[in-house]
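A short write-up of the structure that comes next.
The values are calculated or read from the model by the stated rules, or taken from the named source; none is laboratory data. Note that the structure is predicted; figures quoted are calculated from it, not measured. So basically every Cβ, Gly included, is an ideal-geometry build from the backbone, and we count neighbours across all protein chains shown. Remember, those area values only see protein heavy atoms, side chains included, never the ligands or the DNA or RNA. Shrake-Rupley method; radii C 1.70, N 1.55, O 1.52, S 1.80 Å.
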There are 2 protein chains.
Amino acid sequence: VTEADHYDAAETRDPRERETALFVRLPRVLEAALAAPGWRDHFGPLDPRAVTDRAALAKLPMLRKSNLPAMQKAAPPFAGLVPVPAAEFAHLFTSPGPIYEAEPRDADPWHAARALFAAGFRAGDIVLNTFSYHLTPGGFIMDSGARAVGCAVIPAGPGNTEQQLDVIAAYRPTAYAGTPDFLNILLEAAEKQGCDAGCIRKASVGGAAFPRSLQDRVAARGIAAYQTYAVAECGIVAYETPAREGLVISEDIIVEIVRPGTGDPVPDGEVGEVVVTTLDPRHPLFRVALGDLSAIMPGASPCGRTNRRLRGWLGRADQTTKIKGMFVRPDQIAEIARRHPELARLRLVVTRENEIDAMTLRAESAHADGALSNAVAATLQVVTKLKGAVALVPPGSLPNDGKVIADERA
Amino acid sequence: VTEADHYDAAETRDPRERETALFVRLPRVLEAALAAPGWRDHFGPLDPRAVTDRAALAKLPMLRKSNLPAMQKAAPPFAGLVPVPAAEFAHLFTSPGPIYEAEPRDADPWHAARALFAAGFRAGDIVLNTFSYHLTPGGFIMDSGARAVGCAVIPAGPGNTEQQLDVIAAYRPTAYAGTPDFLNILLEAAEKQGCDAGCIRKASVGGAAFPRSLQDRVAARGIAAYQTYAVAECGIVAYETPAREGLVISEDIIVEIVRPGTGDPVPDGEVGEVVVTTLDPRHPLFRVALGDLSAIMPGASPCGRTNRRLRGWLGRADQTTKIKGMFVRPDQIAEIARRHPELARLRLVVTRENEIDAMTLRAESAHADGALSNAVAATLQVVTKLKGAVALVPPGSLPNDGKVIADERA
């Protein structure tokens, strides 16, 4: 591991230095954000100067990504959460929801350059970028990142396989950015038509699952492919590095993992919902719950980057389920936990018995007794308006998969 | 007309100053271009220092756009005509042909900012850009131009009408860039669905014809729409201004109008083929014949811009036609003119008589005599390998429409 392996010195600094830098910036960004009516309403009375560490941050209310469409519809375009006028951004996007997103006027506004650098992209590379540039930010995220690294970009977009093969033959791109599936489609089409796509030796893939079988197939063709975890709200959240151990979190972003249905950070290693805070005063996000499950990996990356690492995408956090025609939400399970502090982890297991929905709340408890079990069952009914069984289990016996509601109906 | 009506002072300088500036740069750019093997082969022995005015430029060989696909295929990607490696550009494109084009790393690499400024685009505008960003440069031409002016851009691309209406409702864009037809589609869809698209008050349209009827329809909706003449090779060639008199030629580009089939400039006002020379040493073009017909408009624009003006797109220059199964090309007609300097304009009229192709060469001549007529008919047969009639007509009697071969078969 040498200096040339990293995009800049920020990636290898002492983690305490990074933490200090992030939390020195946070109060100032919060203060700027309070100029926006959406954040003022969201926070209520708040002293930004007091939010100087993770514990203080964890006390701020969360903002659920799933609520953004309704909030933005009520106050277009940005729900009053962006302090700067829309016309002052470089690009304006929409992504499924619909959610509307702004791109600041920066060289690398989505923080993709270091992800691409970690994937081996360098000045002199020609990148075939097959993410779409239309309406959604995907294409622009990788485009600006690649150009910040010094690459030239072919803005190919998805589809048009035939034309993409022509472009590969003419420009001989050395790198690919796009979904893993489309990379596979291109490589198979090239093989079928006798087009030499061997110029592509590196890839940054995202936007979809990259199963082991596909990883092997891509590697067998001599392509080193690295994953990114990106969202339309803020770009690259975390990215894979040559260490191949989880995804290193981006600089300039604070990631928390919280228990689904709550805003409470879980201990490192436990699976929970990914919550992001970003520090651009023109377009800040505070505790936005992305709806994705992940976990912090313990230890440091052998690649030399000192930032914390995510285990990758481990599923959807929003486990809201319909049981006997009624919605049951993760925050209701969190409410049960609040009312019974003697319980550790909770998991509502939903099954189907004799053609009817049934539910059992499995609750970790050091002391199993009937009185506790009955009290929890009563709370379950009050909170969910549904009757269910309660099973007390030993602490640590429930799986660490972030599931608060496990739907096991066939 | 005030200073605020122009993008910069270059637009209103004394035309002689512009001409001098262009031809001071040209020899240096030619010298840089000779580092590229394609230009060396194309020019043969050449002293770049001697090319200091239009007369000297007109002696250089032309490069036909229609020959680029074969030339690039033989020496990918750029036929050896680009002195800089492909990886040093920002974006790499392809357009129908296929022709491959490079975008230099500049804020406004396609010279679109002044065209959009002339169309009323200003900082603070939000632009709905419906040109495609995928593979072809259209979307990027207007995107970089609009951002250079200070606008925010919604990279919408073409199609997805429903989603575009959502985006119009959310962002309230004030300006449109795209084809005139798609603007009409959007406005009609908005009306049908009760979506208020009245926020759009200005438009830059190109890439297709903008007939009078459509101009009226767009104007009736309160939208001031201005046309551009752009090509994938170098971006904006000329653009309409509030004077509404022709299209003002871009700064930093030399436009010639030549007789189709030749490299010879026609007098101002006469219709001929558009030939461009651009002055970016990283990616220069010298006398590239675009295949489009236009003419220089006499006089100066009332908008204050002092550059020469094109009458707009007046048709395709390539008039190659099959007569009795044989191809007849404009350069053959030019060859006849070379052999008979006593003739002015020539026009080969192709008709159908008794189910057979027939051709008559109409030739302007001050002196009509049978001997000349017979000599021209003999030359016609030698050059085209086809028999045809000759009709001598008075000077100035043939139409000024750039047609060297007029196919009048039904």
Once you average over the residues of B:162-173, how many Cβ atoms of partner chains fall within 10 Å of each Cβ? 4
Helix hunt in chain A: which complete DSSP H runs extend at least 30 Å axially by C-alpha with mean Kyte-Doolittle at least -0.5? none
Taking B:129-140, B:78-89, A:347-358, B:32-43 and ranking on average Cβ neighbours within 10 Å, highest first, one gets B:129-140, B:78-89, B:32-43, A:347-358
per DSSP, antiparallel bridges as share of beta bridges in the protein assembly as shown, % nearest 5, sits at 60 percent
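At the nearest 100 Å², what buried accessible area, both sides summed, do you get for B and A when the probe is 1.4 Å?
On the way: alone 18520 and 18490 Å², together 33890 Å².
Heavy-atom accessible area buried at this interface is about 3100 Å².
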Given that compact globular proteins tend to follow 2.2 N^0.38 Å, what is the ratio of the alpha-carbon Rg of chain A to that value? 1.07
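Provide the packing ranking of B:281-287, B:53-59, i.e. peptides ordered by the mean count of other C-beta atoms within 10 Å per residue, highest first. Before the final figure, lay out each step's value.
Numbers: B:281-287: 20.7, B:53-59: 14.1.
Packing proxy ranking, top to bottom: B:281-287, B:53-59.
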Other-chain or far-sequence residues with amide H under 5 Å of A:VAL237's (modelled H): A:TYR229, A:ALA230, A:VAL231
Express the relative contact order of the range A:283-331 as a whole percentage, based on alpha carbon pairs under 8 Å and six or more residues apart in sequence. 31 percent
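With runs of 4+ DSSP H residues as the only contributors, calculate the mean residue ellipticity of the protein assembly as shown at 222 nm using -39,500 (n - 2.57) per run, divided by the residue total and rounded to the nearest 500. All intermediate terms of the calculation are to be shown ahead of the outcome.
Values: 22 runs with 226 residues, N = 820.
One gets -8000 deg cm²/dmol as the mean residue ellipticity at 222 nm.
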Computed FRET efficiency, Cβ-Cβ of A:THR52 and B:LEU60, R0 60 Å: what is it to the nearest 0.05? 0.30
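Taking Cα pairs under 8 Å and at least six residues apart, what relative contact order does chain B come out at, in percent? Each step should come with its number before you reach the end.
Details: 814 pairs, mean separation 52.7, N = 410.
Relative contact order for chain B comes out at 13 percent.
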Starting from the amide H of A:ALA391, placed 1.01 Å from N in the peptide plane, find each other amide H under 5 Å away whose residue is 5 or more places distant or on another chain. A:LEU361, A:ARG362, A:ALA363
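Antiparallel DSSP bridges in chain A: what percent, to the nearest 5? Let's see the in-between values first.
On the way: 40 of 65 bridges.
Within chain A, antiparallel bridges account for around 60 percent of the total.
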Length gain on complete extension for the stretch A:ALA208 to A:ARG316, per 0.36 nm per residue less the alpha carbon to alpha carbon distance? 37.6 nm
Report the net charge of residues surrounding B:VAL205, where surrounding means a beta-carbon distance below 15 angstrom and charges are Lys +1, Arg +1, Asp -1, Glu -1. +3
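Based on the alpha-carbon gyration tensor of the range A:259-410 and its eigenvalue square roots a ≥ b ≥ c, which shape applies: rounded if a/c is under 1.5, prolate if not and a/b is larger than b/c, or oblate? Write down the numbers at each step before the final one.
Details: a/c = 2.10, a/b = 1.75, b/c = 1.20.
Taking the square roots of the gyration eigenvalues as a ≥ b ≥ c, the range A:259-410 is prolate.
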State, to one decimal in nm, how far the label point of B:ASN184 lies from the label point of A:ALA389, with both points 7 Å from Cα in the Cβ direction. 6.9 nm
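With the other protein chains left in place, how much accessible area per residue, in square angstrom, belongs to the range A:58-165 at a 1.4 angstrom probe? Each step should come with its number before you reach the end.
Numbers: 3430 Å² over 108 residues.
On a per-residue basis, the range A:58-165 sits at 32 Å².
How fast does the protein assembly as shown diffuse by Stokes-Einstein, in µm²/s, taking the Kirkwood radius from C-alpha pairs at 10 °C and 1.306 mPa s? Intermediate results must be reported in sequence, preceding the final value.
Numbers: Rh = 30.7 Å.
Here the translational diffusion coefficient equals 52 µm²/s.
Please report, as a whole percent, how much of the solvent-accessible surface of the protein assembly as shown comes from carbon and sulfur atoms (probe radius 1.4 Å). Write down the numbers at each step before the final one.
Numbers: 18050 of 33890 Å².
Result for the protein assembly as shown: 53 percent of the exposed heavy-atom area is carbon or sulfur.
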For the modelled label position 7 Å from the Cα of B:VAL382 along Cα-to-Cβ, which residues of the range B:306-347 have backbone nitrogen atoms closer than 15 Å? B:332-342
Whose amide H sits under 5 Å from the amide H of A:ARG64, counting only residues 5 or more places off or on another chain, with H placed in the peptide plane? A:ALA289
Buried on assembly, the range B:64-103 (at least 40 Å² less accessible surface than by itself, 1.4 Å probe): B:ALA87, B:ALA90, B:HIS91, B:LEU92, B:TYR100
Can you compute the label reach from B:ASP5? Point 7 Å from Cα along the Cβ direction, backbone N cut-off under 13 Å, restricted to the range B:219-243. B:241-243
Counting only other chains, what is the mean number of Cβ atoms within 10 angstrom of the Cβ of each residue in peptide B:133-139? 6
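Hey, could you grab the Kirkwood Rh for the range B:138-272? Inverse mean 1/r over distinct alpha carbon pairs, Å, one decimal.
When all Cα pairs of the range B:138-272 are included, the Kirkwood radius is 16.5 Å.
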Hey, which lysines would be in cross-link range of B:LYS65, C-alpha to C-alpha under 23 Å, not counting anything within fewer than 8 residues on its own chain? B:LYS73, B:LYS322, B:LYS403
Using Cα-Cα distances under 8 Å and only pairs 6 or more residues apart, what relative contact order does the range A:233-386 have, in percent? 17 percent
Cross-link partners among aspartates and glutamates for B:LYS202, C-alpha distance below 12 Å, same-chain residues fewer than 8 apart left out? B:ASP125
Karplus (6.51, -1.76, 1.60) ³J(HN,Hα), θ = phi - 60°, over the range A:240-250, in Hz, Gly and Pro reported as x: 6, 10, x, 5, 6, 10, x, 10, 6, 5, 4
